[in-house]
Amino acid sequence: MSASGKLPDSAAVEAALKEAGARLTINLAAIADNWRTLSALAAPAQCAAVVKANAYGLGMEKVAPALWKAGARTFFVAHLKEARDLRAVLPEAVIYALNGLAPGTAPLFAADGLRPVLGSMPEIAEWSDFCRDGGADLPAAIHVDTGMQRLGLSPEEATGLSEVPGTLAFTPSLLMSHLACADTPGHALTERQRDLFAEIVARFPGVTASLANSAGTLTGAPFRFDLVRPGIALYGGAAISGAPPLKDVARLDARIIQVRACPAGETVGYGAAERVTRPSRLAVVSLGYADGFFRAAGSSDARKGAGAMVAGRRCPLVGRVSMDLCTLDITDLPEGTVARGDFATFLGDGITVDALAEKAGTIGYEVLTALGRRHARQYVGE
Ligand SMILES: *Cc1c(COP(=O)(O)O)cnc(C)c1O
């Protein structure tokens with residue numbers, strides 16, 4: 001970042017690519033295409049965009065304007081800080097903060113035209129008091145819990161609220177709930193949540209209703225209500241387990257620092273966790289767990305780990321992932337195809353975030369959000 005808060009120009013990006021151990025390439029056109037695909041699918045429901053956690057680690061400052069250009073007008077983040085950062089890049093967007101109203105923050109929401117997602121009666125009371133005191137009816141969402149036991153009013157509280165009209169000094173702009181199991185097709189809880197939400201929605205006539213995350217959006221029209229809230233599907237993650245993702249968005253290339261010969265019978269890396277059984281060639285790569293590349297994706301004699309594409313071929317990790325390094329077995333590539341300074345591709349070229357996640361025992365969401373700030377970032381498709 002330059003002092004002006006703008007992202008570096010292309011010369012600075014070039015320099016950063018030279019200096020860094022790995023580069024993360026984010027395809028903004030693919031994100032925009034994914035949003036358009038979901039938006040067309042969801043119609044007549046509106047399609048919002050979830051850009052919390054720095055747009056799932058991919059850089060909200062670049063991602064949100066790309067989504068706006070594609071047509072998104074309503075955005076969801078988690079925190080007030082994220083909402084304010086988003087307001088700085090999207091002056092006209094409707095912005096909701098999912099984690100709600102922290103005590104005393106109503107004036108900050110109001111100052112930037114931000115909308116809290118009110119998830120408990122005390123939050124509703126505080127927002128309502130603030131509106132009454134200021135004589136302004138400021139929009140906010142009401143979150144109702146339909147079976148996740150996380151955020152949101154109980155259905156009884158929501159019903160109570162609907163039965164005493166006039167208790168609120170503001171007009172709710174959105175009524176929402178969140179699905180716990182939409183990524184598991186056919187889960188009974190998903191149907192139950194939908195039916196319960198529909199009952200509550202009927203008690204708040206005229207209020208925009210929203211239930212579906214990415215998986216809910218893809219599951220079908222009965223889950224879409226008035227507004228859908230996809231996140232992961234915009235960013236190349238598989239929203240429904242087993243289903244292919246929309247377009248891949250993130251590509252991670254890490255530099256090969258050296259190529260070395262390893263005699264048969266030697267062990268590689270910390271803990272001597274994996275032994276090579278043949279005379280091998282190894283590529284030592286500038287990528288480790290401090291880069292957000294999971295240690296759990298490493299390899300051992302007991303359990304094979306993740307891999308990377310090198311010169312068009314998938315090469316497996318050998319041994320543990322350390323803080324700044326990992327090692328690939330490139331023995332199966334013809335000698336001389338790989339040189340110091342070449343790159344190995346850990347995401348992209350057919351390796352999806354979900355495939356990497358599976359190797360690390362986690363989910364695509366965690367792979368993306370863990371990518372961190374250490375890589376040189378390059379945005380394409382602007
Ligand atoms: C994160 C989040 C979403 C987006 O979920 P995806 O599974 O990434 O599509 C939608 N709604 C709420 C309340 C969320 O917290």
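The values are calculated or read from the model by the stated rules, or taken from the named source; none is laboratory data. Everything quoted here is computed from the prediction, not taken from an experiment. Reconstructed Cβ throughout: ideal geometry from the backbone, glycine too, with neighbour counts over all protein chains shown. The accessibility values were calculated without ligands, DNA or RNA, using every heavy atom of the protein model including side chains. Shrake-Rupley method; radii C 1.70, N 1.55, O 1.52, S 1.80 Å.
Looking at 179, 168, 189 in this structure, which one is assigned to a loop (DSSP other than H, G, I, E, B), at pLDDT 95 or above and among the aliphatic types (A, V, I, L, M)? Of 179, 168, 189, the one residue that is assigned to a loop (DSSP other than H, G, I, E, B), at pLDDT 95 or above and among the aliphatic types (A, V, I, L, M) is 179.
Here's a check for you: in segment 28-73, which residue that is of a type in the set (A, V, I, L, M) and part of a loop (DSSP other than H, G, I, E, B) is farthest from residue 211 (Cα to Cα)? By that ranking, first place goes to 58.
Checking residue 212 against (1) more than 13 Å from the ligand (Cβ to nearest atom); (2) assigned to a loop (DSSP other than H, G, I, E, B); (3) of a type in the set (Gly, Ala, Ser); (4) surrounded by 15 or more Cβ atoms within 10 Å (Cβ to Cβ), which single condition isn't satisfied? Only one criterion is unmet by residue 212, namely (1).
Considering each residue of segment 281-298 in turn, none proves to be over 18 Å from residue 347 (Cβ atoms), assigned to a loop (DSSP other than H, G, I, E, B) and open to solvent by less than 70 Å² (accessible area, probe 1.4 Å).
Note on segment 240-255: residues that are away from the ligand (no atom under 14 Å from the Cβ) and open to solvent by 50 Å² or more (accessible area, probe 1.4 Å) amount to 6. Of the listed requirements (1) of a type in the set (Gly, Ala, Ser); (2) in a loop (DSSP other than H, G, I, E, B); (3) more than 16 Å from the ligand (Cβ to nearest atom); (4) touching a residue at least 12 places away in the same chain (Cβ under 8 Å), residue 237 misses just one: (3).
Listed here are the residues, each with its yes/no results for (1) within 16 Å of the ligand (Cβ to nearest atom); (2) polar (S, T, N, Q).
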| position | (1), (2) |
| --- | --- |
| 197 | yes, no |
| 204 | no, no |
| 208 | yes, yes |
| 218 | yes, no |
| 257 | no, no |
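A single member of 133, 137, 129, 145 is farther than 19 Å from residue 79 by Cβ, of a type in the set (D, E, K, R) and within 16 Å of the ligand (Cβ to nearest atom), and it is 145.
If residue 269 passes every condition in (1) on the phi > 0 side of the Ramachandran plot; (2) without any contact (Cβ under 8 Å) to a residue 12 or more places away in the chain but one, which one does it miss? Just one mismatch for residue 269, condition (2).
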